[in-house]
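Okay, structure first, notes after.
Every read-out reported here was derived from the displayed coordinates using simple, explicitly stated rules and does not represent laboratory data. In this text, all values refer to a predicted model and were calculated from it rather than measured experimentally. Reconstructed Cβ throughout: ideal geometry from the backbone, glycine too, with neighbour counts over all protein chains shown.
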Amino acid sequence: MLRKGEVLGLAGLIGAGRTELARLLTGAVKKTSGTIRLDGTEVSINHPSDAVSRGIGYVPEDRKALGLVLPMTVRENTTMGVHPEISSRLGFISGRKEREITDSYIDRLQIRVPHREQVTRNLSGGNQQKVVISKWLATRPRVLILDEPTRGIDVGAKAEVHRIIANLADDGVSILIISSELPEILHVSDRIIVMHEGRLTADIPRAEADEETILKAAVS
């Protein structure tokens, strides 16, 4: 169970099924058993659009291949998920709303760009990751799943992503973070669950968690 405003860390070795679980929760793959519940009510999520409509966002592990359209601008990437909300009855996208949304997240997430029309391919890894996060925040998610959110970015950008995670949780967003870096999981999580070969093997309060406990659960 993921609680409102909680940062839940998901740990496990390569092949444990962490990314597969995230993709199942977001409708990228169909589940074959079990149930998904939101606010205690069972929901059907068979397609990513189902997840988005229910307030579930997903920042994928591979931001370049799955999180961004690199030839597009920061504005285009940030607002692509909210076009229905900012379009007229005739289907025309409001340029003013696009600019307002993009500028608000450039400011909020401290994305370092010369202007909103910067091509995303030309940004640093850390700033690209912030654009992916901003794209999902624009959809106003209740739950945000972050798969390896600091992979391939520098130490300073990593600290900024951690700050963003903490601020989102303070605002009531429920966060599921998947990371292969145990120090990161221990640093940002309120609670940690561990997977091994597709099964959950441990649910550990942060106060009781350490690397040895997590690794033991990851191989058992």
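Taking the fewest neighbouring Cβ atoms within 10 Å as the starting point, the ordered list for E100, E208, E184 is E208, E100, E184. The loop-placed trypsin sites (Lys or Arg not before Pro) in segment 70-155, going by DSSP, that have at most 11 neighbouring Cβ atoms within 10 Å of their Cβ come out as R89. Annotation: amide H-H contacts under 5 Å for I36 (H modelled 1.01 Å from N, sequence separation of 5 or more, or interchain): V43.
Provide, for segment 7-218, the number of lysine pairs with alpha carbons under 22 Å apart, each pair being eight or more places apart or on different chains.
Number of lysine pairs found: 7.
Inter-label distance, V69 to R96: 2.5 nm, where each label sits 7 Å from its Cα along the C-beta direction.
Using the Karplus relation 6.51 cos²θ - 1.76 cosθ + 1.60 with θ = phi - 60°, the per-residue 3J(HN,Hα) values for segment 101-111 come to 4, 4, 5, 5, 7, 4, 6, 5, 9, 6, 6 Hz, with x marking Gly and Pro. Distance between the C-alpha centres of segment 176-196 and segment 45-119: 27 Å, rounded to the whole angstrom. Between H196 and T201, the built amide H atoms are under 5 Å apart, and every one of these is 5 or more places off in sequence or on another chain. For segment 49-58, backbone phi angles converted through the Karplus equation (6.51, -1.76, 1.60; θ = phi - 60°) give residue-by-residue couplings of 5, 5, 5, 4, 5, 9, x, 10, x, 9 Hz, Gly and Pro being listed as x. Given axes a ≥ b ≥ c from the Cα gyration tensor, I'd like to know whether segment 75-204 is rounded (a/c under 1.5), prolate (a/b larger than b/c) or oblate. Prolate is the answer for segment 75-204, as a/c is 1.5 or above and a/b outweighs b/c. Under 1.5 on a/c is rounded, so check that first for segment 34-137, then, if it is not, pick prolate when a/b is larger than b/c and oblate when it is not; a ≥ b ≥ c are the square roots of the alpha carbon gyration tensor eigenvalues. Oblate, because a/c is 1.5 or more while a/b does not exceed b/c. Mind grabbing the base-10 log of I(q)/I(0) for segment 115-189 at q = 0.11, 0.27 Å⁻¹? Debye formula, identical points on the C-alpha positions, no solvent, two decimal places. At q = 0.11, 0.27 Å⁻¹ the computed log10 ratios are -0.27, -1.44.
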